[in-house]
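Here is the structure we will look at.
The values are calculated or read from the model by the stated rules, or taken from the named source; none is laboratory data. Keep in mind the model is a prediction, meaning the values are calculated, not measured. Cβ placement follows ideal geometry from the backbone for every residue including glycine, while neighbour counts extend to all protein chains displayed.
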Amino acid sequence: MNSLTLNDMAQTPAGTSQHHRLTRLASFASWASFIAAAVIVLATAYLWLVEGALSDWLVKSEEGIIVMPSPTMVSTAGAVAMAPIALLVAMLFELGRLFRLFANGPVFDPAVPRRLGRVGWLAFSSSASTVVCATVVTLLMTSANPPGHRMLTIGIDSQALAGLMLGFLFLVFSLVMQEALGLAEENRSFV
């Protein structure tokens, strides 16, 4: 009885239509990840470099601002709001590297589980920090409000939950890939 082993799948001939489809899709996804990261960096730079853009963005994203906080508070709130964005950019960059690895190498490359794990931790961290940082930004942006009108909001939206679950998914897949690599190595040792 013929069976397909993990080693056989890792050595998929480069001329097959499946391999061409994989390399094309992974190459496109890699570029899309890098471009998305660059767009986010440019948009973030715009917020910091154009006068009033950061405060306008923060005011639009926060409800309950009665009195505009000091420029120092706005800058501090902006810096706090950038933490999840920085983690998102790092995740997109790492995701681009993972897709590039799929486009250029074998599917069961030993670097794949490490990259999957990094993407998972970055996705999880970005989503978790979004929840925490949104609370801190609200506190900072309403700090100049009169007593009784300062706000504390803690909330988890569907995007944050999806990001957390995607982080877990990538972490689990990294462990699955480690297991698959171990099985492939074990199969090679029997031959």
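Residues in region 85-120 that are in a helix (DSSP H, G or I) and of a type outside the set (A, V, I, L, M, F, W, C): 94, 96, 97, 100, 104, 113, 114, 115, 117, 118, 120.
Just to be sure before I move on: is residue 120 of a type in the set (Gly, Ala, Ser) and in contact (Cβ under 8 Å) with a residue 60 or more places away in the chain in the structure I sent? So residue 120 fails the test.
Could you go through region 129-141 and let me know if any residue there is surrounded by 16 or more Cβ atoms within 10 Å (Cβ to Cβ), modelled with pLDDT of 85 or more and farther than 30 Å from residue 66 by Cβ. No, region 129-141 contains no residue that is surrounded by 16 or more Cβ atoms within 10 Å (Cβ to Cβ), modelled with pLDDT of 85 or more and farther than 30 Å from residue 66 by Cβ. Residue check: residue 65 meets all listed conditions (1) exposed (fewer than 15 other Cβ atoms within 10 Å of the Cβ); (2) outside any helix (DSSP H, G or I) but one, namely (1). Only one of the numbered conditions (1) touching a Pro at 6+ places or on another chain (Cβ under 7 Å); (2) at pLDDT below 85; (3) more than 30 Å from residue 72 (Cβ to Cβ) is not met by residue 177, and that is (2). Could you give me the residue pairs with C-beta distances under 8 Å whose first residue belongs to region 49-60 and is touching a residue at least 24 places away in the same chain (Cβ under 8 Å), whose second residue is hydroxyl-bearing (Ser, Thr, Tyr) and surrounded by 15 or more Cβ atoms within 10 Å (Cβ to Cβ) wherever it lies, and which are 6+ apart or on separate chains? Partner pairs satisfying both residue conditions: 54/75.
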